[in-house]
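Engineer: Following this message is one structure expressed as structure tokens.
The values are calculated or read from the model by the stated rules, or taken from the named source; none is laboratory data. Just so it is clear, the structure is predicted and the values come from calculations on it, not from any experiment. When we count neighbours, we look across all protein chains shown, and the Cβ atoms used for this are built from the backbone with ideal geometry, even at glycine.
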Amino acid sequence: MPNKVIEFQEEKLLAAGKTPGWNLGADGHLIGNSKLGSHVARVMWVNEKDEPLYDQIVRIERGGAVFLPVDARNRIGLQKNWRPQTRDQEKFAKEYPRVDWSEVGRESWELLGGFSNAEESALKTAARETQEESGSQVVSIEDLGPICDNRAFSVHLGRMTWGRIDPTKKPADRPDPYEKKLSAVRFFTLAELRSLLEEDKLYDSFTLSALGALFLRHPELVAARS
């Protein structure tokens with residue numbers, strides 16, 4: 001049984017009769033982004049006797065937060081995006097022909113949010129990202145709890161939040177120039193959310209988890225909108 005993760009040691013893995021499942025790129029380095037404070041590390045699972053079992057990668061980053069906006073009528077605010085990734089992935093489809101690329105670039109309605117800056121709290125991250133992406137001021141915000149965005153390769157937890165935004169008030173923060181392509185926030189009733197779910201347009205894990213957490217913590221919101 002896997003017991004803990006340690007730093008990758010190829011000699012130790014080979015000595016145990018195991019073949020590495022993950023390989024370095026041609027330059028011998030793993031991928032990293034110093035601006036985001038993110039990088040991919042190669043690690044190794046060992047059992048309780050520290051005997052190697054297998055290697056894998058882990059994604060190490062600052063983490064982040066998402067924000068679920070609710071308006072005065074208790075409707076849920078979402079933005080339209082395209083997931084997973086964008087729709088122009090022909091290059092990768094040619095390089096990896098055995099992978100099913102038919103799901104790439106589907107319409108997705110999801111929450112606002114993003115990575116934390118250094119020494120930034122989850123609530124501040126959620127508010128800042130929401131104001132940058134929506135151009136509206138966050139007037140209230142509460143924590144909904146943690147979320148694990150990837151059970152296999154992530155070593156951190158993100159945070160889910162919810163609150164109110166006022167589209168008539170503009171935040172003091174300057175909009176992020178990279179967020180210009182995001183659509184305006186649209187507010188949905190419970191019936192409309194069900195329709196998105198049935199149409200396979202509501203599948204983002206952060207969004208579904210935050211909706212579940214909100215309705216479990218505040219069931220009166222569901223009752224008010226049923």
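Engineer: Tally up the residues in the stretch 90-146 that are of a type outside the set (D, E, K, R) and touching a strand residue (DSSP E or B) at 6+ places or on another chain (Cβ under 8 Å), please.
Structural biologist: Of the residues in the stretch 90-146, 26 are of a type outside the set (D, E, K, R) and touching a strand residue (DSSP E or B) at 6+ places or on another chain (Cβ under 8 Å).
Engineer: Counting only residues that are modelled with pLDDT of 75 or more and in a loop (DSSP other than H, G, I, E, B), which one in the stretch 1-12 is surrounded by the most Cβ atoms within 10 Å (Cβ to Cβ)?
Structural biologist: Ranking the candidates gives F8 first.
Engineer: Could you grab me the full set of residues in the stretch 39-58 that are among the charged types (D, E, K, R) and surrounded by fewer than 16 Cβ atoms within 10 Å (Cβ to Cβ)?
Structural biologist: Here is the first cut: in the stretch 39-58, the ones among the charged types (D, E, K, R) are 42, 48-51, 55.
Selection gives E48, K49, D50, E51.
Engineer: Looking only at the stretch 13-53, count every residue that is modelled with pLDDT of 85 or more and part of a loop (DSSP other than H, G, I, E, B) and tell me the total.
Structural biologist: Qualifying residue count, the stretch 13-53: 8.
Engineer: If we keep just the residues of the stretch 147-166 that are modelled with pLDDT of 90 or more and under 12 Å from the mean Cα position of the chain (by Cα), which is nearest to F215 (Cα to Cα)?
Structural biologist: The residue in question is M160.
Engineer: A further question follows. Looking for something within 18 Å of F187 (Cβ to Cβ) and either part of a loop (DSSP other than H, G, I, E, B) or modelled with pLDDT of 90 or more (or both) - is there at least one such residue anywhere in the stretch 79-98?
Structural biologist: So far as the stretch 79-98 goes, yes, one or more of its residues are within 18 Å of F187 (Cβ to Cβ) and either part of a loop (DSSP other than H, G, I, E, B) or modelled with pLDDT of 90 or more (or both).
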